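Data block below; observations after.
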């Protein structure tokens with residue numbers, strides 16, 4: 001299966017890069033250990049990836065001073081995943097009430113993250129939502145993609161509900177990060193920082209590059225800067241109703 005081959009390739013990239021970076025990772029600074037965490041980041045994986053491919057991202061963000069947890073979700077049960085995200089946020093807030101919590105969702109993980117924030121009360125609890133390569137208005141590939149019952153297909157009942165009204169409610173800050181070779185823009189209406197598209201990491205093809213966002217060091221840096229409050233692109237407050245699945249497809253490259 002193509003997805004499994006790509007997943008195995010990503011896992012190999014994780015192992016190789018982690019070994020190459022072993023010396024630096026083995027010698028964290030005293031300051032990083034002594035300081036309180038800058039915030040808690042919960043990483044929500046893409047479909048069928050699980051937690052393993054996000055090891056490099058998590059380690060990079062920890063070196064930047066964040067407390068990081070990767071949720072081991074498979075991205076095939078969107079409603080239950082959104083509730084699981086909520087439980088993880090509640091656990092972090094209960095354990096560290098004064099530490100801000102941010103969500104980093106890759107691919108479908110960005111969709112379930114936003115569903116939690118918008119529809120399950122997360123906007124009052126989450127400081128930042130950072131969507132990486134997320135089909136916010138769906139993608140044609142989601143129409144026959146196994147495991148999600150067509151919920152990522154443009155125009156699905158799930159997406160109509162999610163995108164009705166303001167896409168970016170509450171005091172939460174919203175960021176979009178994507179490769180220049182993504183299939184979709186990831187744009188939202190309301191206030192959103194649209195980070196300048198990142199150069200290709202693996203190959204200039206949509207699916208491979210989309211998957212490789214999970215292990216792209218440039219993505220890690222963009223996430224870290226977003227959580228720190230930097231908008232390395234353009235902040236757009238787009239009126240409700242202007243975005244559609246059609247005009248979110250095939251962004252200009």
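Summary table below
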item	result
Average projection area in nm² (convex hull over Cα atoms of the range 104-198, one quarter of hull surface)	5.7
Using a Förster distance of 25 Å, the FRET efficiency for residue 180-residue 120 (Cβ separation, nearest 0.05)	0.15
Descending principal axes extents, the range 121-169, alpha-carbon based, whole Å	34, 22, 15
Contour minus Cα-Cα distance for residue 161 and residue 51 (0.36 nm per residue)	36.8 nm
Kirkwood Rh in Å, taken over the range 80-140 so that all alpha-carbon pairs contribute	11.7
Contour minus Cα-Cα distance for residue 69 and residue 218 (0.36 nm per residue)	51.7 nm
Rough spin-label spacing in nm, given labels placed 7 Å along Cα→Cβ, for residue 77 and residue 228	3.8
Residue order, fewest to most surrounding Cβ atoms within 10 angstrom, among 153, 143	143, 153
Surface/4 estimate of mean projected area, convex hull on alpha-carbon atoms of the range 144-253, nm²	7.5
Distance histogram for the range 43-171 (every C-alpha pair counted, 5 angstrom bins, percent rounded to whole numbers)	2, 11, 21, 25, 20, 12, 6, 2, 0
Sequence of 72, 232 once ranked by neighbouring C-beta atoms within 10 Å, starting from the fewest	72, 232
Exposure proxy order (Cβ contacts within 10 Å, fewest to most) of 73, 42, 243	243, 42, 73
Additional length obtainable on full extension of the chain from residue 238 to residue 98, 0.36 nm per residue less Cα span	47.2 nm
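Laboratory data are not the source of any read-out in this text; all were calculated from the coordinates shown. Source: prediction; values computed, not measured. Methodologically, a virtual Cβ is constructed for each residue, glycine included, from the backbone with ideal geometry; neighbour enumeration extends over all protein chains shown.
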